[in-house]
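One structure is given below, encoded as structure tokens.
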Amino acid sequence: MIKVNSNRIPQPKQEKYSNSNLTYADLGLKMSQKGFLMMIALPKETCPGEQRVAFIPSSVERLVKKGAQISIETGLGSSLGIADDQYAKAGASIETNRQSLLSSADIVLRLRKPPLEETNFLKKGSIHISFLDPFNEKALVQALAQAQISAFSMEMIPRTTRAQKMDALSSQANLAGYVTVILAAERLPKIFPMLMTPAGTIAPARVFIIGAGVAGLQAIATAKRLGARVEAFDTRAVVKEQVQSLGAKFVEIDLGETGQTAQGYAQALTPEQLEKQRQGMARVCSQSDVIITTAQLFGRKAPVVLTQEMIASMKPGTIIVDMAVESGGNVEGSKLNEEVITSNGVRILGMGNLPGRVAAHASQVYSANLHNLLEEYWDLESKTFKLNLEDEIIKGALITHQGQIVNAMVKKSWGV
């Protein structure tokens, strides 16, 4: 039997309290004492082609057991074949009216950033958690601030040991790295492993991974499991040991002083360093069957690491996968959601939303990231999410609060 939302315990109006700056999260204990519960809403994803979902039934069940009240929009899990009944069995109520769902929620959980117009539906003082792309979505962030929403951006979860279980950027990048290799292997007119046959020896495919972050390391591991000969390069010498531990050869190029940010991302190179990098990679690229580029700069346009001149020197049939195509692209000539075949027969894949190609597991890990975040700050006594503004994870991921843009990195990026 599906639970309907008509039996939901009513929420208090914020203006009943003398301090109008307090949010529902701040008032969690008072709400509990008055007999109210914090309602968590899960709207259906509306981005065209998106098959991932923000929350799966097992995560609903975990939070319900801790006293959370959860309501989902009907059809939330339909892209993965998860029926409303499964969410209802886990303890969620089902809402058919999207606007009503959003306007009554104390916490809204999503995968994608919300449409700008839906910020008007959110309840003042509520919490919104999703990917937000805050550096590039200034109008959206400003709208969330003006609506008095405490908005969390999942991209901004700090890369610390304590926050690993909440790190959605890494969990999705890990799957994306796997997908890039599968896409390349499907299109390459060769097999990946070496074979010894009565008709002769088949040499292994040569795969070159540019960038050894989370996605790059998974791409290395996947290509090695398929039997390829793998080489990799990264501007951060510190990752050399990780590359070698996966059985790949680390390509060394002397770029001078380089490093990584406190978040573990590669620092931007100077134009001179980028040119040295391209020259150093050109020989490896000309000998490779597959090249996967993963170089991205957090909150900034991706650097171009493969120029048309470099592509012209590659063998016909070479496959390039540009993982950074959604943030500007690492490859000259790559196009979002297109396969481009150059005049010399090189195929450039610019596929977006790579984790969405393995939507079931991408949803599983993102859902785990969300419920781990909620559980970390869930108060069992008051049965509410407690906003500790001094906590390093909350400080890193909270973008707007009480009508203000509060994230230091975002404000610095905007020159505020």
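The values are calculated or read from the model by the stated rules, or taken from the named source; none is laboratory data. Not measured: the values here are computed from a predicted model. Using ideal geometry, Cβ is built from the backbone for each residue, glycine included, and neighbour counts are taken over all protein chains shown. These accessible areas exclude ligands, DNA and RNA; they are computed on the full protein's heavy atoms, side chains included. Shrake-Rupley method; radii C 1.70, N 1.55, O 1.52, S 1.80 Å.
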In degrees, nearest ten, helix 168-187 long axis to first principal axis of the chain (Cα): 40 degrees
Would you mind telling me which residue in 313, 150, 71 has the biggest mean-square fluctuation in a Gaussian network model of the chain, where springs connect alpha carbons within a distance under 10 angstrom? 313
Can you tell me the orientation of helix 359-376 relative to the chain, as the angle in degrees between its alpha-carbon axis and the longest Cα principal axis, to the nearest 10? 50 degrees
Please list 3J(HN,Hα) in residue order for region 153-159, calculated via the Karplus relation 6.51 cos²θ - 1.76 cosθ + 1.60 where θ = phi - 60°; whole Hz, with x for glycine and proline. 10, 5, 5, 9, 4, x, 8
For a quick check, take a GNM of the chain with Cα springs below 10 Å and name the residue from 141, 214, 238 with the largest mean-square fluctuation. 238
Which lysines have a Cα less than 21 Å from the Cα of residue 224, not counting those fewer than 8 places away in the same chain? 190, 240, 249
Report the convex hull volume per residue for the chain, counting only C-alpha atoms, in Å³. 153 Å³
Which of 91, 345, 49 moves the most in a Gaussian network model of the chain with Cα springs under 10 Å? 49
How would 300, 52 line up by accessible area, probe 1.4 Å, largest first? 300, 52
Using a 1.4 angstrom probe with every protein chain in place, what is the largest-first accessible-area order of 335, 315? 335, 315
0 to 90° range, to nearest 10: angle between helix 214-225 axis and the chain longest Cα axis: 50 degrees
Under a 5 Å amide H to amide H cut-off, with H placed in plane at 1.01 Å, what residues pair with residue 70 once short-range neighbours are removed? 40, 93
Where does the chain land at 222 nm, in deg cm²/dmol rounded to the nearest 500, when only DSSP H runs of n ≥ 4 count, each adding -39500 (n - 2.57), divided by all residues? -9000 deg cm²/dmol
Normalised by the number of residues in region 54-142, what is the relative contact order in percent for Cα pairs under 8 Å and 6+ residues apart? 24 percent
Determine the relative contact order of the chain: mean sequence separation of Cα pairs under 8 Å and six or more apart, normalised by residue count, in whole percent. 19 percent
Ordering 387, 306 from largest to smallest accessible area (1.4 angstrom probe), what's the sequence? 387, 306
Can you tell me which of 392-400, 177-185 comes out highest on packing, and rank the rest after it, using the mean Cβ neighbours within 10 Å? 177-185, 392-400
Given contacts defined as C-alpha pairs under 8 Å and at least six residues apart, what's the relative contact order of region 279-416, whole-number percent? 15 percent
